[in-house]
Every structure is written in C-alpha cells, then in structure tokens.
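S.K.: Before I ask anything, here is the structure I am working with.
Every read-out reported here was derived from the displayed coordinates using simple, explicitly stated rules and does not represent laboratory data. This is a predicted model, so every value here is computed, not measured. Every residue, glycine as well, gets a Cβ built from its backbone with ideal geometry; the counts of neighbours run over all protein chains shown.
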Amino acid sequence: MTPISYYMALSAILFAIGVTGVLVRRNVIVMFLSIELMLNAVNLALVALGRRIGSMDGQVIVFFVMTVAAAEAAVGLAIILSMFRNRDTVNADELNLLHW
Amino acid sequence: MTQNFPALGLILLFPAIGVLFNLFYGRRAGREAVNFVGPGVIFVAFAVTLTGFITLLRLPPGAALQCDLWSWIVAGSFHVELGLRLDALSAVMTLVVTGVGALIHLYSAGYMADDDDYARYFTYLNLFALSMLVLVLADNLLQMFIGWEGVGLCSYLLIAFWYDNPQYAYNGRKAFIVNRVGDLGFLIGIFTIVAALAQHGVWTLNFAAMQHHAALLQPVALTAALLLFFGATGKSAQIPLYVWLPDAMVGPTPVSALIHAATMVTAGVYMIARLNFLYLLAPPAMEVVATVGAVTAFFAATIAIVQSDIKRVLAYSTISQIGYMMLGVGVGAFAAGTFHLMTHAFFKGLLFLCSGSVIHALHGEQDMNKMGALRSKLPITYATMLIGTLAISAVPPFSGYFSKDLILEGAFATGHVWLWLTGVVTAGITSFYMFRLIFMTFHGPSRLDRDKAHHVHESPPVMAIPLIVLAALSIIGGWVGLPHWLLWGDAFKRFLAPIVARPPHGPFGEPIVMLDVERFSTSMGLSGIALAAGLIGIFLAWMLYIQRPELPDRIAERLRGVWELLWRKYYIDELYDHLISRPLFWASTNLLNQGIDHNVIDGFVDGTGATVEGSGEVTRKIETGNVQHYAFVYLIGVVAVAGYYVYLVLR
C-alpha cells in the first residue's frame, strides 16, 4: 500500500505549482487553470486523508469542492469573457483599473 | 420670630406678569395697554409690599415675614431653598424699589411717549424691577446672586437701549464687562463661604443660618468680605470699578434714575448691610470699605465740579453719594448707610427725573452750557429740582441732612476723624456742584440754541406727578431718622437695630473709642460743621455762577492743569485703557488669536488632516491594482498564519 506521505507530497507539489502559476503567469486563463490545480491538490489531500482515517467525510467534501469548482468555472469564465470583450486583453498586468 | 406670609410671592409675581405681557403682547396690545400694564404691575407690587410692611410693624422688633418658594439645588447634603424674607432691612429696600420704581415707571410712560420701542422698554424695566426684588427679598446668598446678575443684565440692556448708536452699544458692553469683573469677586466670595461652612458640615447659604453659624466663618471672614466688597465696587460703582457708571448715562433718563441712581447701584450697600455679621468678623475689611467709600465720595465729587453734561454731573454725584453709604456701613453705621440709601433713592431719583424733564423739554440737549434761564419756562421742574438739590446738599429739614449727618456722626464716633473730615469736605463740594448745576440750568442768561428756545415746554402731568411725589418724599423722607432727642427720635435706626447691631469692637480688635455723639452738644456741633461746609459750597456756587459769571472761566484759565485733570476725570479711563484694555486687546490679538488659535489649535487641526493626507500619499503606492500582487500578499499572510500554527504544534 502506498504510504500517505506520497499522496501528501504529490498534493503539496501540485498546490505549489498552482500557487506559482497564479502568481507568475500573466494570462488570466492560465491563472484560472492554476486555481483549479490548487483545488484539485486539496481534493487529493482530502481523499487520501479520508481513506487513512477510514472516514467518508473526505470524499463528501471533495464532491462539494468539485461542485463549487464547476460553478466557479462557469462564473469565472463568464467574467473573463466579458473582460476580453471590453478590454481586448486577458493579460493580468493590463487589468489594473483597481488602483490609485 | 418668623411669620409665614405667602403674599410676598405676589411682589415678584406681578412684575413677572408685566415682563411676559410686554414681551409677548406689548406690540399687539399697543402703547395704551403697555403704559397701563408696565407701571401698573409695579404699583400693585408696591401695594403688596405696603401690606407686608404694615404686618411687619405690628410684629415685635426683629421679626420677619417669610415665604418659602421651592428647592432649587439639592445635591447631596447641599440644599438651596429659594425663599423670600421681608425683615426690617429688606422691607426698606423693597419699599424703595417698588415705590420709587413705580413712580419712575409712571414717568417713563411720558418720557418714552415718542419712542416706538415702548414694549421692549417696559419689558426690560419690569424685568429689572423683578431682578431687583429677587435680590432684596432673597433669604440666601445664592438667590441674591441671581438677582445681582439679573439687574446687571437689565442694566446692560437698558444702557444700550438705543442700540443703533454704536457708542451707546459700546457703553452698554463696558458696563456689563466691568460688572462681570466685580461679579467674579462676588462669586468667589460665595465659594469661600460655602467651603468654610461645609468643612463643618453646614451646607447652607441662608442668611439666618449663616448668621447663626457666624463663628464658623471667622477663618475666611476677611477674604470673603473683601471679595464680596469687590463685587460691590462693581455694582455700586466704587473705586476701582466705578468707570462704567458715567458712561451708563447714555440710556434713557428714567433708567438712569431707577437703575443707576435709586436702586441697582445701591445693591452693594444693601449686601454689606445684609451680611453685617460677616463684615463685623473682619474689621480690616470694614476699614477698607469705609476708606474706599470716603475716597470715592471725595474723588467723584471733585470730578463733578467741572463736568458740563447735566446727567454726567448727576452720575458722578451718585458715585459720590454711594461712597457716603459705603463709608457709613464701613464704620459700622449700617442703619445710617441704609438710611442714606433710602433718602438718596428719593432725591437722586428726583434729580434724574428732573434732568430728564429738562432734556425732554430741550429735545435731547444735555449740555449745561446750552441751557440757562429755564426757571420760568419749567416752573414745576425747577421747584422740584431745587428741593432735590437742597436735599442732596444736606440742608435741614430736607431728607439728605438727616441721613448724611448720621453717617458722618457714625464715622466720627468710631474714631475715623480723617474719613469724617473727607466726608465734611465732600459735603461742601457736593452742594457746590449741585448748585452750579441749578444755576447753570435754570438761572442766568439763556444760552439755548435759537431754534430750540421757543419749543421749550413744561412736561406733561404723567411726568410732573412723579416729580412732585418724589419732591415731597425728599423733604419728609428723612424725618423717620431725626436726631434721637427730637420728637419721635431716630425711629429708623430703632427699626433696623435688631438686624444691624453696632460693632462690638473697633477696627483691628481694640476696643472702640466711642465718642459720646448721643450728647446733644456733640451731635449738634458735628452737624453744624457739616452744615456749614454745605452752606459754604452753596455760597461759592452763588458767587461764581450768579454774581460773577465770568469768574469760573478765569479760574479755569488760571488753574489750567487742575481743570484739565478734573475735566479728563483724572485720566482714569485713559489709564485703564492703557494698563488693562490695550494689553488685553494686544494679548488677545497677538497671543491668543495669532499665537494660540492660529498656530496651536489650527496647527493641531490642520496637522491632523495633513498627517492623514501625507500618510495616504505614501501608502497608496501599495495599491497597484494588479491582482497578482494582492494574491502574493495574501499568500504571505496565509503562510504566516499557517507558520504560526505549525510553530504552536511543533513547540
């Protein structure tokens, strides 16, 4: 049986990749994908820990996360779409109206 | 012994009704109604006072009528119960305030006949009468202070009655501010007394209770007495705070008669007579009172010699006469001071009303250099004013003779020979300047302006009647205080005796050197000297202003410096201006306004704004608008919080 630490390490690596992607990539769509990656890293950790302690709670929460992620994707993509229509760009550096 | 007498409340109620009526309905009700209600309420108050007085006379000596009103301040063990008390002393004052007050109110109806602001005028005048009655009827010190402030306010309102003249408004403010200076002393005096009594658990300001606990006041008696006297110098126009009174003469003349001669300015004398138990505990304070009084009497009288404004002469004369009263109460002759207060109210009220009648007849002319030969044109005014002048000059049997004599006798009897001498000399000066006024106004050649000369007319009956009544009082008013060996004797002193006893010991504690003034020959001798001084004054005035009218100018020319000094009123106004007003203005402008207000306070407020703005200027750079920067900061936060928990777990 695969030790729990492997799952946790993979989850951590995936999460770190996601964080890095959100912070460094300028394309909003890629940032969005990176957020999905972070969510799924958390999902992996939840499932693995749930199995380890013999509880169904982990899997239940994962389903909730997936549902929310789906809704988030729908809303997020809609926002990105209307942003592109208005500004002709999906570059995060150019989307900085919220400043002084 | 104190008898309950609820009707005393009516004495205050009626003037209060007058105030409210004139304030809210005076305009709508019209001149007739105001002229009826304004004086009417005071006459009713006088009638009530008279019934109270008669009731009081039927009671044994030393009795008082009491009317409890309500609890004003209840704070822990400190109670101030408002109440009215009519004893011998306040009865005299109340009779003067309502009696003379009613006559002057009546006279005002005629004097203000051409003024459109009659409703406002009678509102103020009724309010004054109300405040003054609160002052004299008060049975405790704090209530007296309410009246004390009230009359000050009314004085201000009435001096500046014709407020569209900036000079008049200025004079009103001057009177108010100078009075405030004195009032501060009065207030601190009250605090001193409260503190001294409270130390021993006596929480009261009631006069009777204070007198009962007088021994507790011994440690602060000197301080309190001097502070209260400082208040009195403001209200009663004594050195050093007399400067407002001559300038107060810009108010309507009946106001000068009522407030600035007959009643309000004597409040200080009344206060000292009322608190005689306190002053007797502090002989040095009494010395101060007597000396200030005598010096003021002399000082003001000399200024009056050269003034040419008829009302100003009377104003300085008032200051001088109040000086006499202060001399009286200062040497412990409280009854004599109060007696002079009463007779002075009669004859000085009369003199002011007469001067008002002259001014009214001449359409506002107040300069005596532009009068003369009015005797035949204003016969009633002339006759009554002559009576008033004889009274103030202390010619027997006019009222001033008896009261002034009692004061001088009191000063002499207690060994104040110098003060007595000052008083005698002042008596001579008094009759000189008063007869100078009479001669310049009514005798000699006419110096009237051509266009005014043929409009001169005697005053209407509504003004003449108060003159005649007051003239009668000026003659017979003094007969209640005859020398003790004559007819009913000194009834006035006997009436007041239970309240104002003679001092038990002299100044600075040593036993008093009582000269036997009760002896007929001593009494007559003293009286004769004062009378001689007065007659010499009259004779000199007659010499200079009737026989040799060219002499005064020649003397003034010869004694240029002295004349200038008197004409400029010893440069006291200029002195105060340079020593007090200007430094204050300078300090207010440069230190307080420029320094503290503009630099410190504005600096603080502006600085707060500038700090916020500046720090915003710096910190707003953080807000880049770039979502990844926010995400990075967020990450740092998350790592920090997570790290903290990891630290807690691993520790």
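S.K.: With each label point set 7 Å from Cα along the Cα-Cβ vector, what nm distance links residue B:593 and residue B:167?
M.R.: 2.5 nm
S.K.: Under 11 Å from the Cβ of residue B:175, count the other residues' Cβ atoms, weight Lys and Arg +1, Asp and Glu -1, and hand me the total. It would help to have the intermediate numbers written out before the result.
M.R.: Details: positive: B:173, B:174, B:180, B:235; negative: B:247.
After counting each charged neighbour, the total is +3.
S.K.: Find out how many positive minus negative residues lie around residue B:554, taking Lys and Arg as positive, Asp and Glu as negative, among other residues whose Cβ is under 12 Å from that of residue B:554.
M.R.: Details: positive: B:548, B:558, B:560; negative: B:550, B:553, B:557.
Around residue B:554, the charge tally is 0.
S.K.: OK, next. Hey, with R₀ at 51 Å, roughly what FRET efficiency would residue B:546 and residue B:579 work out to, going by the Cβ-Cβ distance, to 0.05? Please report the intermediate quantities before stating the final value.
M.R.: On the way: r = 42 Å, r/R0 = 0.82.
For R0 = 51 Å, the calculated efficiency reads 0.75.
S.K.: To the nearest 10 degrees, how steeply does helix B:88-111 sit against the main Cα axis of chain B, on a 0 to 90 scale?
M.R.: On a 0 to 90 degree scale, this one is about 90.
S.K.: Give the relative contact order (percent, whole number) for the range B:284-562; include only Cα pairs under 8 Å separated by 6+ residues. Let's see the in-between values first.
M.R.: Working: 459 pairs, mean separation 68.9, N = 279.
The normalised contact order for the range B:284-562 reaches 25 percent.
S.K.: Across the range B:159-168, in residue order, what do the Karplus-derived ³J(HN,Hα) couplings come to in whole Hz, using 6.51 cos²θ - 1.76 cosθ + 1.60 with θ = phi - 60° and x for Gly and Pro?
M.R.: Each residue of the range B:159-168 in turn: 5, 8, 4, 8, 6, 6, 8, x, 5, 5 Hz.
S.K.: Would you kindly state how much longer the chain becomes between residue B:539 and residue B:180 on full extension, computed as 0.36 nm times their sequence separation minus their alpha carbon distance, in nm to one decimal? Present the calculation step by step, with values, prior to reporting the outcome.
M.R.: Working: separation 359, 0.36 × 359 = 129.24 nm, distance 4.18 nm.
Stretched fully, the residue B:539-residue B:180 segment lengthens by 125.1 nm.
S.K.: What angle do you read, to the nearest 10 degrees and between 0 and 90, between the alpha-carbon axis of helix B:520-542 and the longest principal axis of chain B?
M.R.: Roughly 90 degrees, rounded to the nearest 10.
S.K.: With point charges of +1 on the Cβ of Lys and Arg and -1 on the Cβ of Asp and Glu, referenced to the Cα centre of the range B:284-562, which listed residue (B:533, B:285, B:481) lies farthest in the positive direction of the dipole?
M.R.: B:533
S.K.: How far is it, in nm, from the label point at residue B:69 to the one at residue B:188 when both lie 7 Å from their Cα along the line to the Cβ?
M.R.: 2.8 nm
S.K.: Still on this model: Can you list, largest first and rounded to whole Å, the semi-axes you get for the range B:284-562 by taking the square root of 5 times each eigenvalue of its Cα gyration tensor?
M.R.: Details: eigenvalues 243, 86, 45 Å².
Semi-axes from the Cα gyration tensor: 35, 21, 15 Å.
S.K.: Right, another one. At 7 Å along Cα-to-Cβ for each site, give me the label-to-label distance between residue A:87 and residue B:29 in nm.
M.R.: Label at residue A:87, label at residue B:29, 8.0 nm between them.
S.K.: When ranked by the protection proxy of mean other Cβ atoms within 10 Å per residue, highest first, what sequence do the peptides B:382-391, B:171-180 form? All intermediate terms of the calculation are to be shown ahead of the outcome.
M.R.: Numbers: B:382-391: 24.4, B:171-180: 19.8.
Most protected by this proxy first, the peptides run B:382-391, B:171-180.
S.K.: Please list, ordered by chain and number, the residues whose modelled amide H lies under 5 Å from the amide H of residue B:65; skip anything fewer than 5 residues away on the same chain.
M.R.: B:3, B:86, B:87
S.K.: Another question, then. Taking other Cβ within 10 Å of each residue's Cβ, how do B:624, B:589 sort, fewest first?
M.R.: Values: B:624 14, B:589 11.
Final ranking by Cβ density, sparse to dense: B:589, B:624.
S.K.: Summarise the long-distance tail of P(r) for chain A by giving the % of C-alpha pairs beyond 16 Å. If you can, show how the numbers build up before the last one.
M.R.: Working: 3154 of 4950 pairs.
Tail of P(r) above 16 Å: 64 percent of Cα pairs.
S.K.: Quick one: 3J(HN,Hα) in Hz for the range B:635-651, Karplus 6.51/-1.76/1.60 with θ = phi - 60°, rounded, Gly and Pro as x.
M.R.: 4, 4, x, 4, 4, 4, 5, 4, x, 4, 5, 4, 4, 4, 5, 6, 4
S.K.: Continuing with the same structure: Kindly write out, for the range B:317-331 in residue order, the coupling ³J(HN,Hα) from the Karplus curve 6.51 cos²θ - 1.76 cosθ + 1.60 (θ = phi - 60°), rounded to whole Hz, with x marking Gly and Pro.
M.R.: Using θ = phi - 60°, the values come out as 4, 4, 4, 4, 5, 5, x, 4, 4, 5, 4, x, 5, x, 8 Hz.
S.K.: If you take the C-alpha gyration tensor of the protein assembly as shown, multiply each eigenvalue by 5 and take the square root, what semi-axes do you get, largest first, in whole Å? Don't jump to the answer; show the numbers that get you there.
M.R.: Details: eigenvalues 1436, 210, 133 Å².
Those come to 85, 32, 26 Å.
S.K.: Which far-off residues, 5 or more places away or on another chain, put their amide H under 5 Å from the one on residue B:81, with H placed in the peptide plane?
M.R.: Close amide H contacts, sequence-distant or interchain: B:72.
S.K.: Expressed as cubic angstrom per residue, what is the convex hull volume of the alpha carbon set of the range B:264-374? Could you put the intermediate results ahead of the total?
M.R.: Working: hull volume 9.4 nm³, N = 111.
Convex hull of Cα atoms, per residue: 85 Å³.
S.K.: Mind listing the Cα extents of chain B along all three principal axes, in Å, largest one first?
M.R.: 116, 63, 55
S.K.: Hey, can you rank B:34-44, B:212-222 by average C-beta count inside 10 Å, highest first? Display every interim value, and only then the final one.
M.R.: Details: B:34-44: 21.9, B:212-222: 16.3.
By packing density, highest mean first, the sequence is B:34-44, B:212-222.
S.K.: Given R₀ = 60 Å, what would the calculated FRET efficiency be for residue B:51 paired with residue B:617, taking r from the Cβ atoms and rounding to 0.05? Present the calculation step by step, with values, prior to reporting the outcome.
M.R.: Values: r = 81 Å, r/R0 = 1.35.
The computed FRET efficiency comes out at 0.15.
S.K.: For chain B, what relative contact order do you get, as a whole percent, if you take Cα pairs closer than 8 Å and at least 6 residues apart?
M.R.: On the way: 1062 pairs, mean separation 75.7, N = 651.
Dividing the mean separation by the residue count of chain B yields 12 percent.
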